[in-house]
Amino acid sequence: MTGSQDNDVLVSFRGIQKSYDGENLIVKDLNLDIRKGEFLTLLGPSGSGKTTSLMMLAGFETPTAGDIQLGGRSLTKLPPHKRDIGMVFQNYALFPHMTVAENLAFPLSVRGMSRTDSTERVKKALSMVQLDSFRNRYPGQLSGGQQQRVALARALVFEPQLVLMDEPLGALDKQLREHMQMEIKHLHKRLGVTVVYVTHDQGEALTMSDRVAVFHQGEIQQIADPRTLYEEPSNTFVANFIGENNRLNGRLLSQTGERCMVELARGEKVEALAVNVGQCGEPVTLSVRPERVRLNGSSESCQNRFSGRVSEFVYLGDHVRVRLEVCGMSDFFVKQPIAELDPALAVGDVVPLGWEVEHVRALDPLIETN
């Protein structure tokens, strides 16, 4: 990670800690650089420290230790309204007694902008979120999706260098949520503004972000682009939190360079990538994505080959999740595109299955408890 003197860095968290009771740290020693123009998502379960980190950047929470810099200057003593940061909340936080246009004009009047300039900016922001004809309506006359767009326009209207979004799509139904994800993503690309987005929804994080920082117990477990996070999780927590994951527990038998041999509880041996392992004889968790497992004939070339008993089929439209008993595990999932699934396969069948060495990652099972 680059230092805060780097010209591409807009925001720097340096040694940030946050405690509410003086004993337990909600955020532990956070060091993070956010680049100009990037869409960075802070992802994690509730209580992981992601929202607290966002609120410290916004100025609604004060760090217990450390410094946050925006554009090379410290924000520590700067009140929220002087930080040049737009904010979008989950509950929209619109003024119910003001029209859409008045809601948008409010942050401009606070900044002392003239009425002429303000009218022009409001018009531009409404057009950006395709709500030109709604300018005289009140928030109560709008749908959830329209209110969300107004909140987004209000955060962008004064052209801040940074926009923070805290679970902004949490209140919307699935279809509208997915539509808004793409809208925000396209808006970001068009405007080039820096966005820091908080969510607990991993699908949302993977869809929208340039990079994702996965939080757990007040620390960043891994920060990377979506593909790397999904395909190359660096520890057990990330592997389990991002996407579906089959976990096989065993112990490390041997390690040669980047590869290792792991023995499972019943004696089966698996060759895997040694990503994050301890000494020989120590416990290891193997991570295998369901779509990387091959069934029947297509498993013949795999270095890791076993058999599984089919327990259940879950149809999901374009693909089927097949639950099997594999290596003593009753919940081992394989994801198969509909077109590739053998129509003769039935519950109770015992089938060969396998996966390549490069698709199974050996990880330290203790890493997630820190």
If only one of Q303, Q279 is touching a helix residue (DSSP H, G or I) at 6+ places or on another chain (Cβ under 8 Å), among the polar types (S, T, N, Q) and surrounded by fewer than 20 Cβ atoms within 10 Å (Cβ to Cβ), which one is it?
Q303
Residue under question is D349, and the condition is that it be in contact (Cβ under 8 Å) with a residue 40 or more places away in the chain, over 17 Å from V270 (Cβ atoms) and touching a helix residue (DSSP H, G or I) at 6+ places or on another chain (Cβ under 8 Å); does it hold?
no
Applying the selection to segment 210-236, what residues are in contact with a helix residue (DSSP H, G or I) (Cβ under 6 Å, 6 or more places away or on another chain) and buried (at least 23 other Cβ atoms within 10 Å of the Cβ)?
V212, V214, F215, H216, Q221, P233, N235, T236
Can you tell me which condition I367 does not meet? The list is (1) in contact with a helix residue (DSSP H, G or I) (Cβ under 6 Å, 6 or more places away or on another chain); (2) modelled with pLDDT under 90; (3) open to solvent by less than 30 Å² (accessible area, probe 1.4 Å), and all the others hold.
(3)
Examine segment 95-113 for a residue that is in contact (Cβ under 8 Å) with a residue 40 or more places away in the chain, open to solvent by 50 Å² or more (accessible area, probe 1.4 Å), over 22 Å from T41 (Cβ atoms) and aromatic (F, W, Y), and state whether such a residue exists.
yes
Could you please find all residues in segment 141-189 being closer than 14 Å to A93 by Cβ and among the small types (G, A, S)?
G144, A151, A153, A155, G170, A171
Within segment 30-51, does at least one residue satisfy the condition of being β-branched (V, I, T) and not in a strand (DSSP E or B)?
yes
Take the residues of segment 91-121 that are among the aromatic types (F, W, Y) and either modelled with pLDDT of 90 or more or part of a helix (DSSP H, G or I) (or both): which is farthest from Q147 (Cα to Cα)?
F106
When F60 is run through (1) more than 30 Å from A171 (Cα to Cα); (2) open to solvent by 60 Å² or more (accessible area, probe 1.4 Å); (3) not in a helix (DSSP H, G or I), the failure sits at (1)
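The values are calculated or read from the model by the stated rules, or taken from the named source; none is laboratory data. Bear in mind the structure is a predicted one, so any value in this text is a computation, not a measurement. Glycine also receives a Cβ, built like all others from the backbone with ideal geometry; neighbour counts cover every protein chain displayed. Just the protein is used for accessible areas: all its heavy atoms, side chains included, with ligands, DNA and RNA removed. Shrake-Rupley method; radii C 1.70, N 1.55, O 1.52, S 1.80 Å.
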